[in-house]
Amino acid sequence: MGICIKSIGMYVPDNVITNKDLESKINTSDEWITTRTGIKQRYIADKESLYDMAIKAGKMAMEKANMDEVDIIIVATLSPETLFPSTACVVQEHIKARFAFDISAACSGFLYGLDIAKVYLESSNANSVLLIGTEKLSSLLDWSDRSTCVLFGDGAGAAVITKGEGDILSSVMFSDGKYKDILYAKRCDYLKMNGKEVFKHAVRNMESACKIALEKANLTPEDISLVIPHQANIRIINTLTERLNLDPSKVYVNVNKYANTSAASIPIAMYEAFEKGILKRKDKILLTAMGGGFTWGAAVLEF
Ligand code: UT7
């Protein structure tokens, strides 16, 4: 028996902010944002809290899995509302679980969470994990800084992970604290980023993580039905696609619609791809992400 992503859920706020909307607020243009990032719009929470989004995505995944409790809730977020209690404990008040905790791995949070879920399911008495990536990045943005505020969005994605059909064929995680000053948010301050440096490292790190994950799974890019990369910038995704020699039609892209939702980005993309029938059961898929820390990784799944 392997590790099964039994179901996926997601939630984004009602409020959509388009590039055109931003044009009237800061010195930017739809043309600049589109050509540099591929982003056309983002969802920004005006009435929803980080918790609301996490609970809604989590509940959707639970309903789709036909379950009303899990052993463990893991929440990945870089935009928690409180230092403690953890976001996961707040979610646990609404979704029954034995214990709950948060992880901090920035945009790689969902992948790190998947890796942790696998370890718990394989080597403890836990049979089920609800993994949620949730972000209210709008609360960390300086809305007068055009170099960052156009890039991010809010939302949550969730997956119920159990023992069962399917498997995590390989999962490789990395981090390097040497780059801690390139992308960060200090307590009570805005998110800061050296975009060009992050871009360079994102391509290089995701490329190498994907190669290692594929090798560990004994697979080549041709064996993969769908690649779901972290959605930060279409140019990063396209460069990665070229460097790994991937068929672009096998690479899922929705950064245009959601912008960068950090830990929520991969589960939101998985949810969409599955609902559209692009991601199918038994498909071999490759996930990859890179974020502040730096943290990065890749995983090959039989879905
Ligand atoms: O999940 C991981 C987190 N983040 C990322 O993956 C982001 C990685 N980095 C990137 O995606 C890109 O580096 C950015 C999209 C952030 C920036 O693209 P770039 O091609 O590296 O642009 P740049 O920073 O070199 O800026 C070019 C110009 C600058 O003007 P000057 O100095 O050439 O006159 C900026 O001031 O573009 C200007 N600029 C803007 N102009 C209009 C920066 N932001 C904007 C903006 N609208 N929003």
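Assorted remarks:
- Among the candidates Thr162, Thr134, the residue that is within 16 Å of the ligand (Cβ to nearest atom), buried (at least 22 other Cβ atoms within 10 Å of the Cβ) and β-branched (Val, Ile, Thr) is uniquely Thr134.
- Criterion (among the aromatic types (Phe, Trp, Tyr) and assigned by TED's automatic domain parsing to the domain that holds Ala45) met by exactly one of Tyr179, Tyr112: Tyr112
- Exclusive hit being touching a Cys at 6+ places or on another chain (Cβ under 9 Å), open to solvent by less than 10 Å² (accessible area, probe 1.4 Å) and touching a residue at least 24 places away in the same chain (Cβ under 8 Å), set Leu22, Leu50: Leu22
- For the residues Ser104, Ser144, Ser175, Ser139, the requirement of being under 30 Å from Thr18 (Cβ atoms) and within 16 Å of the ligand (Cβ to nearest atom) singles out Ser144.
- Just one of the listed residues (Ala289, Ala269) is within 12 Å of the ligand (Cβ to nearest atom) and modelled with pLDDT of 95 or more, namely Ala289.
- Any chance Val251 is open to solvent by less than 10 Å² (accessible area, probe 1.4 Å), modelled with pLDDT of 95 or more and outside the structural domain of Arg36 (by TED's automatic domain parsing): no
- Selected residue (only one of Val90, Val70 is away from the ligand (no atom under 16 Å from the Cβ), open to solvent by 10 Å² or more (accessible area, probe 1.4 Å) and not assigned by TED's automatic domain parsing to the domain that holds Leu191): Val90
The values are calculated or read from the model by the stated rules, or taken from the named source; none is laboratory data. All of these numbers come straight from a predicted model, not from anything done at the bench. We place every Cβ from the backbone using ideal geometry, glycine too, and count neighbours over all the protein chains shown. For the accessible areas, the whole protein counts, side chains as well, though only heavy atoms, and no ligand, DNA or RNA atoms are used. Shrake-Rupley method; radii C 1.70, N 1.55, O 1.52, S 1.80 Å.
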